[in-house]
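The structure under discussion appears below in the form of structure tokens.
The values are calculated or read from the model by the stated rules, or taken from the named source; none is laboratory data. It should be emphasised that the depicted structure is a prediction, and the values quoted were computed from it without experimental measurement. Here the Cβ is made from the backbone with ideal geometry for all residues, glycine too, and neighbour counts use every protein chain on show. Side chains included, ligands, DNA and RNA excluded: accessible areas come from the protein's heavy atoms. Shrake-Rupley method; radii C 1.70, N 1.55, O 1.52, S 1.80 Å.
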Amino acid sequence: MRTVSLFICLCIIAFFAGCNHQKFDVVNPISGNISFVEKFGFEPDEDTDNELRIKTHLLYVERLLRQADVSHLTSEFKSSRTHLLNLLRSYAQAGKYPKNYDYEGQRKPCFIDKDQNICAVGYLVEQTAGRRTAELINANYQYADILDMNSESVDNWIASSGLTKEECAMIQPAYGSYPYPDQPSNRIKPMYAISSAVVMGANATFNVINIADITRGADSKTAPVLGFLAGTSQVAMGAFGFARERRLTKGDNSPQFTSQGRLSLFNIGIGTSTILLSSWNLLRQKKMEQKRTSWNIYSFPDGNNQAGVGLSFSRKL
């Protein structure tokens, strides 16, 4: 019993270790990655094209803000708000976004980068209040979140924009560090590789034992039960990894699968084979038990010339 409990614990540990993908920073601290998930159906990660993430986020927020209730605003503020959202859409479609040159391995906002590319909120400021105002904000808050900008210039601009500060913060994207990593089509995360190897080795062992048991007619349930658990763990690990290892590249919105995605498919295949062999072994043993066990109801005469009923039960050892 201790052996079974220990193995179950190891399977659980290996499964969650294999599924423990590093949590990468979101494109926006308020909306997270919901824009990308809504459009493509899965979470982006550090390998997803950065410009695609930014564009998807900006168009999502633009649509969301157009749907907001603005009945409390004056006609002047409504007009200003509509103008800014039109500018935001044009900016998003143009695709000239700043780059995060200074924070390696982090996603950070960037008001204006060293190439003079300006962020979405900065562009709205530039188009309505002038480039100088945008540059003054950048001088003090280049990599700051809008909500952390304690600036009279920022507050005054927001007050006349028809947008709230929270809505501006929703617009503001965070940019991955530049240069962006190449699409690692041949890279497998170390923890996933180790977990896959451990569970794969266990499943291969149980497959060999199950085949030997079936061939010899053995009746031990230890191997098929543990094999069933190990196989289920590997299938679950593979299914999770397969769902997470889709990539989108610039100009191509169809999912691509990396080497880790292909390893996930292999995990599903090996795990399934172990489940089937273990189930076959257990079913065979159940049939063997039924053949060894027999029972019968019979009648017999008693001493008073009457019939009696008897039950016989036998089990071959």
Only residues that are open to solvent by 30 Å² or more (accessible area, probe 1.4 Å), under 25 Å from K78 (Cα atoms) and not aliphatic (A, V, I, L, M): list them for the range 38-59, please.
K55
Test result for L88, part of a helix (DSSP H, G or I) and aliphatic (A, V, I, L, M)
yes
Selection from the range 226-245 of residues that are open to solvent by 60 Å² or more (accessible area, probe 1.4 Å) and either at pLDDT below 75 or out of contact with any helix residue (DSSP H, G or I) (no Cβ under 7 Å at 6 or more places or on another chain) (or both)
F240, F242, R244
Which condition breaks for L65 when tested against (1) outside any loop (DSSP other than H, G, I, E, B); (2) in contact (Cβ under 8 Å) with a residue 40 or more places away in the chain; (3) under 29 Å from P179 (Cβ atoms)?
(3)
Here is a check on your reading of the model: is F300 at pLDDT below 85, of a type in the set (F, W, Y) and open to solvent by less than 80 Å² (accessible area, probe 1.4 Å)?
no
Test result for N210, in contact with a Pro (Cβ under 7 Å, 6 or more places away or on another chain), polar (S, T, N, Q) and at pLDDT 85 or above:
yes
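The rows are residues; the columns are (1) within 23 Å of N156 (Cβ to Cβ); (2) touching a residue at least 40 places away in the same chain (Cβ under 8 Å).
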| site | (1), (2) |
| --- | --- |
| N86 | yes, no |
| S90 | no, no |
| G95 | no, yes |
| N100 | no, yes |
| E104 | no, yes |
| R107 | no, yes |
| A120 | yes, yes |
| E126 | yes, no |
Can you go through T56, T133 and tell me which one is outside any loop (DSSP other than H, G, I, E, B), closer than 19 Å to M170 by Cβ and hydroxyl-bearing (S, T, Y)?
T56
Within the range 137-189, the count of residues that are at pLDDT 90 or above and in a loop (DSSP other than H, G, I, E, B) comes to 15
